[in-house]
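Read the structure below first, then the notes.
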Amino acid sequence: MNNNENRVLACIDGSALTEAVCDYAAWIAQRVEVPLKLMHTIDHHPETATMSDLSGNIGLDSRDELLEEITQLDQQRIKLRLQQGKLLLETAKQRVMQSGIGEPILTQRHGSLVEALIELEDVTRVLVIGLRGKVHENQPDKIGAKLESIIRSLHRPILVVNEPFKAPERIMLAYDGSAAAEKALDIVANSPLYKGLVCHLVCVSKDDDKGKLLEIAENKLKQAGGIEVVAQKLVGKPDLVLCEYQETHDVDMTVMGAFSHTKLRDLLLGSFTAKMLLHSKKPLLLLR
Amino acid sequence: MLFLSKKQDWLGNIRGDLLAGIVVALALIPEAIAFSIIAGVDPKVGLYASFCIAVVTAFVGGRPGMISVATGAMALLMVTLVKDHGLQYLLAATLLTGALQIVAGYIKFGSLMSFVSRSVVTGFVNALAILIFMAQLPELTNVTWHVYAMTAGGLGIIYLFPLIPVIGKSVPSPLLCIAALTALSIYLGLDIRTVGDMGELPDDLPIFLWPEVPVTLETLKIIFPYSTSLAVVGLLESLMTATIIDDLTDSSSDKNRECKGQGLANIGAGLLGGMAGCAMIGQSVINIKSGGRGRLSTLTAGTLLLIMVVFLDEWISKIPMAALVAVMIMVSIGTFSWRSILDLKKHPLSSSVVMSMTVIVVVFTHNLAIGVFVGVLLASLFFANKISHFLYVESEIDEDQNVRIYRVVGQVFFNSAEKFIQSFDFKEAVEKVVIDLHRAHFWDITSVTALDKVVIKFRREGAEVEIIGMNEATTTIVDRFGVHDKPEEIEKIMGGH
């Protein structure tokens, strides 16, 4: 694996979760020993108007004048936001450097966050992002507006941060025997990120067959070494049971596959990932 | 695909879109009436068309924030059709126009816009402005001084009112002009022409009607030439407007979807008893200026237009034509590119000629399609002429062996073939001629024929001819577009320059 090509990418927007995002990103970058990249995007919103002149007339060369006027407004507005973004990035840089990371890479991009992330996907190893951005900062019953489309369009692990940083000691791996879960299991078994942690392998199912699968999974994880494994089979509504388990066993981070179903099915039955995003009190590491 | 749109295209700018939609709807009423009068049909034909086209393009158009309605460019094309054959044939022609535009969308007509140079676009808008202005002249001849005074007063209101702080920018001044002049003419009881004198206004919602024309080849023969012109001009103006809005809003649009959207809108208009229309530069600019950006503003404009004309038809019929003329003069002033007059001196002569010829042809034919065709043709000829200068032939003589070596550098094609032949000295008595084509580019069959000619001439003078680098020179005769779009391929062909 070429270290220059794979980075931990942290998305920063100056919301309350920004500091936590920086800390978690720094933690991952240190454990897997890859460079850290901090990114801030400036969304232009061409679909909203910046000026409104209702005089409804057009005069001499008013098209050229209008273009000039709108361009000037945009220039001032975006310049300001560029500077704000620079400050944010600088603050974040100081913060991650304090936690012992060498010089992080800073980057600013124009356009929507989703587009920027898709462009950078090839050089991203893990994406770290806050559960909600500035817009929904004070609405605990909402997740960020772009989060689902980001998770759906990227095929990299994504850590969704929702509380201040606490170095994870115990993690929970939601296991259901599906292909996505097997993949998640492989990743946890092989990545340096999870060495030395306690992993609760949890399966929520009424099915007894799942118990055997869970046993196999447990052995697999134990063989990988370096991870202390606790396997548990529970019954109930997956999202509620998992969140409850999380609290009772003081789990610091949950690892799970995400959005493995089509949009249509999720629309009808409700997405498990979306429920977990909303109800989990601890960061979620989503594996695609 | 045609009906999909992003949520933010509809709801990203609700307040701005609603306000702008109202401003545009108010501005549309006088214009739709005026354009109906230009086409020679009842005002309701233009108003129904504007309603339908605006609403349909709001959903299926490719450029959010663009205003498509009954327009002057289209109205000018239908004058003779209406005069000779009547309204029903116009409706049939409108349906056919829509069908042609949908086909154009599927064969990606939008990408052909790259052949329409900037000078042609400028010529198009200037010609359009001149024609709209000229169409107002009948209202200004053989009338009493009242009409002149009112028109002048109306223009005064339109241009001076926005200068008043605060309220100037919150009330549409063309609306104020119409309201003031209508009130004045009613108050003074002036006997001047009003909108009501020009034909029927809508008093009800439009209904679906199949045009009452015989479905025969004869009908097709009549409407087809009109429909083709309408389809071409409609798409040209729509795509030009889309580009203008792309620039203004710093965003991109789907040009081929716009073509299909225009087609659907025109089919709708034809079925609702409306005339063909397209996007309108002036109104779209007003929409953006008023803060409209999304599909919602177009939908608001269209719906509100219909509601207003259906409920206010009594009042609308009392609007004096002088007020309408004032608004249309504003439209023509706003459409004209005044900067282009200053640019005539600054721009290269060929660009200015293309622009002026486009204008002149349109003003004489009243057909923007012909004007654009002439403009594009001229621009291409000028371009071919310029490129033909990029050719020279250098030569040296090897006196010992009496051999003349010619090195051809540059572009050989139909326009430079003659120059290519003339670069050789056939009168020189040499034993052998070497023609080095390594750095020459042969673009077409004419250039190959020219080379054959040169070889034959030399042979007739008794010389041996050797050609080197023929393969490199002819790699440019490739008629498969898009093969050479990689940098290394281009470098291979154009190498040595």
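Of all the residues that make up the range A:43-85, how many are in a helix (DSSP H, G or I), more than 15 Å from B:ILE244 (Cβ to Cβ) and free of Cβ contacts under 8 Å to residues at least 40 places away in the same chain?
Filtering the range A:43-85 for residues in a helix (DSSP H, G or I) gives A:62-85.
Add one more test, that the residue is more than 15 Å from B:ILE244 (Cβ to Cβ), and what stays is A:72-85.
Within this subset, residues satisfying the condition of being free of Cβ contacts under 8 Å to residues at least 40 places away in the same chain are A:72-81, A:83.
Matching residues across the range A:43-85 total 11.
Name the residue, out of A:LEU87, A:LEU154, A:LEU106, A:LEU147, that is in contact with a Leu (Cβ under 9 Å, 6 or more places away or on another chain) and modelled with pLDDT of 90 or more.
Sole residue among the options that is in contact with a Leu (Cβ under 9 Å, 6 or more places away or on another chain) and modelled with pLDDT of 90 or more: A:LEU106.
Residues being farther than 24 Å from A:GLY111 by Cα and either assigned to a loop (DSSP other than H, G, I, E, B) or not assigned by TED's automatic domain parsing to the domain that holds A:PRO104 (or both): count how many of those fall in the range A:1-34.
Residues in the range A:1-34 being farther than 24 Å from A:GLY111 by Cα and either assigned to a loop (DSSP other than H, G, I, E, B) or not assigned by TED's automatic domain parsing to the domain that holds A:PRO104 (or both): 6 in total.
Report yes if some residue within the range B:224-241 is within 14 Å of another protein chain (Cβ to nearest Cβ), more than 21 Å from A:LEU54 (Cα to Cα) and not acidic (Asp, Glu); otherwise report no.
Within the range B:224-241, one or more residues are within 14 Å of another protein chain (Cβ to nearest Cβ), more than 21 Å from A:LEU54 (Cα to Cα) and not acidic (Asp, Glu).
Look through the range A:20-46, keep the residues that are acidic (Asp, Glu) and either farther than 29 Å from A:ASN190 by Cα or within 14 Å of the chain's Cα centre (by Cα) (or both), and return whichever of them is farthest from the other protein chains (Cβ to nearest Cβ).
To start, the set of residues in the range A:20-46 that are acidic (Asp, Glu) comprises A:23, A:33, A:43.
Narrowing further to those that are either farther than 29 Å from A:ASN190 by Cα or within 14 Å of the chain's Cα centre (by Cα) (or both): A:23, A:43.
Numbers: A:ASP23: 33, A:ASP43: 11 Å.
In this case the residue turns out to be A:ASP23.
Quick check on this structure: which one of B:ALA322, B:ALA326 is within 14 Å of another protein chain (Cβ to nearest Cβ) and either surrounded by fewer than 24 Cβ atoms within 10 Å (Cβ to Cβ) or over 24 Å from the mean Cα position of the chain (by Cα) (or both)? Outline the logic, then answer.
On the way: B:ALA322 fails: within 14 Å of another protein chain (Cβ to nearest Cβ).
It is B:ALA326.
Anything in the range B:148-174 that is over 30 Å from B:ILE341 (Cα atoms) and either crowded, with 17+ Cβ neighbours inside 10 Å or among the acidic types (Asp, Glu) (or both)? List them, or say none.
B:VAL171 - this is the single residue of the range B:148-174 that is over 30 Å from B:ILE341 (Cα atoms) and either crowded, with 17+ Cβ neighbours inside 10 Å or among the acidic types (Asp, Glu) (or both).
Out of (1) part of a loop (DSSP other than H, G, I, E, B); (2) more than 14 Å from A:LEU221 (Cα to Cα); (3) assigned by TED's automatic domain parsing to the domain that holds A:LYS212; (4) of a type outside the set (Phe, Trp, Tyr), the odd one out for A:HIS155 is which?
That leaves (3) as the condition not met.
Testing A:ASP122 on (1) assigned to a helix (DSSP H, G or I); (2) assigned by TED's automatic domain parsing to the domain that holds A:LYS210, one condition comes back false. Which one is that?
(2)
What is the one condition in (1) surrounded by 18 or more Cβ atoms within 10 Å (Cβ to Cβ); (2) outside any loop (DSSP other than H, G, I, E, B) that A:ILE101 does not satisfy?
(2)
Output the residues belonging to the range B:162-186 that are closer than 22 Å to B:ILE316 by Cα, within 12 Å of chain A (Cβ to nearest Cβ), in a helix (DSSP H, G or I) and touching a Leu at 6+ places or on another chain (Cβ under 9 Å). Steps first, answer last, please.
Step one: filter the range B:162-186 for residues closer than 22 Å to B:ILE316 by Cα, giving B:171-186.
This time we only want the ones that are within 12 Å of chain A (Cβ to nearest Cβ), so: B:171-178.
Adding the requirement that they be in a helix (DSSP H, G or I) leaves B:173-178.
Answer for the range B:162-186, where residues must be closer than 22 Å to B:ILE316 by Cα, within 12 Å of chain A (Cβ to nearest Cβ), in a helix (DSSP H, G or I) and touching a Leu at 6+ places or on another chain (Cβ under 9 Å): B:SER173, B:PRO174, B:LEU175, B:CYS177, B:ILE178.
Given the structure, is B:ASP343 in the same structural domain as B:ASP197 (by TED's automatic domain parsing) and either among the charged types (D, E, K, R) or on the phi > 0 side of the Ramachandran plot (or both)?
Details: in the same structural domain as B:ASP197 (by TED's automatic domain parsing): no; either among the charged types (D, E, K, R) or on the phi > 0 side of the Ramachandran plot (or both): yes.
Considered against the rule, which asks whether it is in the same structural domain as B:ASP197 (by TED's automatic domain parsing) and either among the charged types (D, E, K, R) or on the phi > 0 side of the Ramachandran plot (or both), B:ASP343 comes out as no.
Can you tell me which residue in the range B:460-488 is modelled with the highest pLDDT, limited to those that are in a helix (DSSP H, G or I) and under 21 Å from B:ILE445 (Cβ atoms)? Can you show your working first?
Taking the range B:460-488 and keeping what is in a helix (DSSP H, G or I), we get B:460, B:470-474, B:487-488.
Those still in the list that are under 21 Å from B:ILE445 (Cβ atoms) too: B:470-474.
On the way: B:MET470: 81, B:ASN471: 77, B:GLU472: 74, B:ALA473: 71, B:THR474: 74.
Ranking the candidates gives B:MET470 first.
Tally time: how many residues in the range B:173-213 are farther than 26 Å from B:ILE267 by Cα and not basic (Lys, Arg)? So that I can check it myself, show each step before the final result.
Initially, the range B:173-213 is screened for residues farther than 26 Å from B:ILE267 by Cα, giving B:173-197.
So of that shortlist, the ones also not basic (Lys, Arg) come out as B:173-192, B:194-197.
Qualifying residue count for the region: 24.
Residue-wise test of (1) assigned to a helix (DSSP H, G or I); (2) touching a residue at least 60 places away in the same chain (Cβ under 8 Å); (3) of a type outside the set (A, V, I, L, M, F, W, C); (4) under 29 Å from B:ILE38 (Cβ atoms).
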| position | (1), (2), (3), (4) |
| --- | --- |
| B:MET355 | yes, yes, no, yes |
| B:GLY371 | yes, yes, yes, yes |
| B:VAL376 | yes, yes, no, yes |
| B:LEU381 | yes, no, no, no |
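The values are calculated or read from the model by the stated rules, or taken from the named source; none is laboratory data. All values reported here derive from a predicted model rather than from experimental measurement. Virtual Cβ from ideal backbone geometry, glycine too; neighbours counted across all protein chains shown.
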